Amino acid sequence: MAVNDTIADMLTRIRNATLARHQTTEVPSTRMTRDIARVLREEGFIADFSESGEGVKRNLVLSLKYRGKNRRPIINTLKRVSKPGLRVYSNRKELPRVLGGIGIAIISTSSGIMTDRDARRQGLGGEVLCYIW
């Protein structure tokens, strides 16, 4: 099934997998989903990710992280901000802070996908893709 909004699809798959306490989840592999997975790994929200499949049918396998013996998910909330029907952009002075810096905003800048913290450090604005905490 072709999905219009690959980012929202990815966030929904991660959300569903963490609610069901799955160890891994698969999302269709695109450059955008790979970059978001890289940021999630760097920020410690997922353990790791790898690619599987051939040609067009490539998938990213995300290894999810939980803490404690009750296996509480590291990711509490994933929120899509900029949607295909309503894009949300932010200049470098108005980059959002998620929960006062506890969470991250993933920003698509001219220098690639990065967190709000990195974008602020580099003095870049861009499209606010999602919030995660």
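The values are calculated or read from the model by the stated rules, or taken from the named source; none is laboratory data. A quick note: this is a predicted structure, and the numbers were derived from the prediction, not measured. In this analysis, Cβ positions are derived from the backbone assuming ideal geometry, glycine residues included, and neighbour counts consider all displayed protein chains. All accessible areas refer to the heavy atoms of the entire protein, side chains included, with ligands and DNA or RNA removed. Shrake-Rupley method; radii C 1.70, N 1.55, O 1.52, S 1.80 Å.
Cα gyration tensor of region 56-107, axes a ≥ b ≥ c as square roots of the eigenvalues: rounded (a/c below 1.5), prolate (a/b > b/c) or oblate? Let's see the in-between values first.
Values: a/c = 2.86, a/b = 1.31, b/c = 2.19.
Oblate, because a/c is 1.5 or more while a/b does not exceed b/c.
Taking all protein chains in place and a 1.4 Å probe, what share, in percent, of the accessible surface of region 81-133 do carbon and sulfur account for?
Of the solvent-accessible surface of region 81-133, carbon and sulfur hold 50 percent.
In the chain, which longest range has no trypsin sites (Lys or Arg not before Pro) that are both DSSP loop (not H, G, I, E or B) and surrounded by at most 16 other Cβ atoms within 10 Å?
Segment 98-133 is the longest.
Counting other Cβ atoms within 10 Å, keep those with at most 10, restrict to DSSP loop, and tell me which chymotrypsin sites (Phe, Trp or Tyr not before Pro) in region 49-90 are left.
Sites meeting the loop and neighbour criteria: none at all.
In deg cm²/dmol, rounded to 500, what helix-only [θ] at 222 nm does the chain give when every DSSP H run of at least 4 residues adds -39500 (n - 2.57) and the total is split over its residues?
Here the helix-only value at 222 nm equals -7500 deg cm²/dmol.
Pull up all non-local amide H partners of Ser29: gap of 5 or more, or a different chain, and H-to-H distance under 5 Å with H placed in the peptide plane.
The list, which skips near neighbours in sequence, is Arg58, Asn59, Leu60.
Report, ordered by chain and residue number, the aspartates and glutamates lying within cross-link reach of Lys83, taken as a straight Cα distance under 20 Å and ignoring same-chain residues fewer than 8 apart.
Cα-Cα hits under 20 Å: Asp5, Asp9, Asp35, Glu94, Asp116, Glu127.
Quick check for me: using +1 on Lys/Arg Cβ and -1 on Asp/Glu Cβ, what's the dipole size of the chain about its Cα centre, in debye to the nearest 20? Intermediate values should be presented prior to the final figure.
On the way: 24 positive and 13 negative charges, 99 e Å.
I would put it at about 480 debye.
Can you tell me how the chain classifies by the Cα gyration tensor, rounded, prolate or oblate, using a/c under 1.5 as the rounded cut?
Cα axes put the chain in the oblate bin.
What whole-number value in Å² describes the accessible area per residue of the chain for a 1.4 Å probe?
Here the residues of the chain average 58 Å² of exposed surface.
Straight-line reach only, C-alpha to C-alpha below 24 angstrom: list the lysines that Lys79 could link to, leaving out same-chain residues fewer than 8 apart.
Straight-line reach from Lys79, under 24 Å: Lys65, Lys93.
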